[in-house]
Amino acid sequence: MKKGQESGSTRRNIMTLLKMRGPMTIGALAEELGITEMGVRRHVLQLEQESLAKTRVVRQAMGRPLHVYSLTERAEEHFPKTYHNLALELLRELDHTSGIEAVNVLFEGRRRRMLAQYTPMMENRNLEERVAELSSIQNSGGYMAEWSKEEDGSFVMREYNCPIRQVASQYRKACQCEQSLFEELLGAKVTRSECMAEGGQCCRYAITPDPGHPAKRDKTYEKSS
């Protein structure tokens, strides 16, 4: 095994121990892993620098205080999650017992809740500002979104990650609701030309002004279009 691989393996083992055992000292980690305390300390300090581990001083009745290490919330991202499996199981059960329309009602309800949540963020903004805000919203949800303005005044937004990809691959209503949500938030025509749920490299949306949309009553929006 190469040195870099050994380093990655030790780091992973430390994180796994902290995850399974809870807070531990350098000495306890070294004993469990069968390596020197100096070696463990180097990896733990690196985890601290990356905000994946934190330390707490525990004072004792006798002797020197102990430095106890544990994982941070950010470290949870490095452990497997199967939320999509649970979501799919629940959706399949609902589909089996109540039919696909019941599943679609759930997606529509989610779209309405998100619309109510994000609409205030779009008020008194022109279309370009709305696209930028939507991209920021999607980024906060883990979609790795970026946007650009085209020469003809239209916009393009791309998402390079889809947190609900497994669900969307089986229930296309999720993608339909997302596109509809974007149109309502932006007050514009939104066309999807590429989709990760269908095997695309990203989800690509073309955004063009829609004079017929109710958002045209927004003077700021009218000015931009």
Item to check | Where chymotrypsin sites (Phe, Trp or Tyr not before Pro) fall in DSSP loop in the stretch 125-164, at most 14 other Cβ within 10 Å | outcome: Y160
Checklist entry - Mind listing which GluC sites (Glu not before Pro) in the stretch 66-169 are in a DSSP loop and have 13 or fewer other Cβ atoms within 10 Å? => result E123, E150, E151
Next on the checklist: Computed from the coordinates I sent, Rg and Dmax of the Cα atoms in Å equals one of (i) 16.8, 62; (ii) 24.4, 76; (iii) 20.8, 69. Tell me the label.
Outcome noted: (ii)
Checklist entry - Under a point spin-label approximation (7 Å from Cα along Cα-to-Cβ), what is the R172-T25 distance to one decimal in nm? => result 6.2 nm
Next on the checklist: What distance in nm lies between label points placed 7 Å from Cα along the C-beta direction at V105 and E89?
Outcome noted: 2.4 nm
Checklist entry - Which whole-Hz couplings ³J(HN,Hα) result when phi for each residue of the stretch 114-121 is put into the Karplus expression 6.51 cos²θ - 1.76 cosθ + 1.60, θ = phi - 60°, listed in order with x for Gly and Pro? => result 5, 4, 5, 6, 9, 4, x, 6
Next on the checklist: Can you order the peptides 32-39, 199-206, 17-24 by their average number of other Cβ atoms within 10 Å per residue, highest first?
Outcome noted: 199-206, 17-24, 32-39
Checklist entry - Considering only protein heavy atoms, what per residue accessible area in square angstrom results for the chain with a 1.4 angstrom probe? => result 62 Å²
Next on the checklist: Let me confirm the definition first: pairs of Lys residues in the chain, 8 or more apart or on different chains, C-alpha distance under 23 Å. How many are there?
Outcome noted: 11
Checklist outcome for this item: The set of residues whose placed amide H lies less than 5 Å from the amide H of E194, leaving out same-chain residues fewer than 5 positions away, is R204
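The values are calculated or read from the model by the stated rules, or taken from the named source; none is laboratory data. Owing to the predicted nature of the structure, the values given are computational and were not obtained by experimental measurement. Quick reminder, even Gly has a Cβ in these numbers, built from the backbone with ideal geometry, and neighbours come from all protein chains shown. Remember, those area values only see protein heavy atoms, side chains included, never the ligands or the DNA or RNA. Shrake-Rupley method; radii C 1.70, N 1.55, O 1.52, S 1.80 Å.
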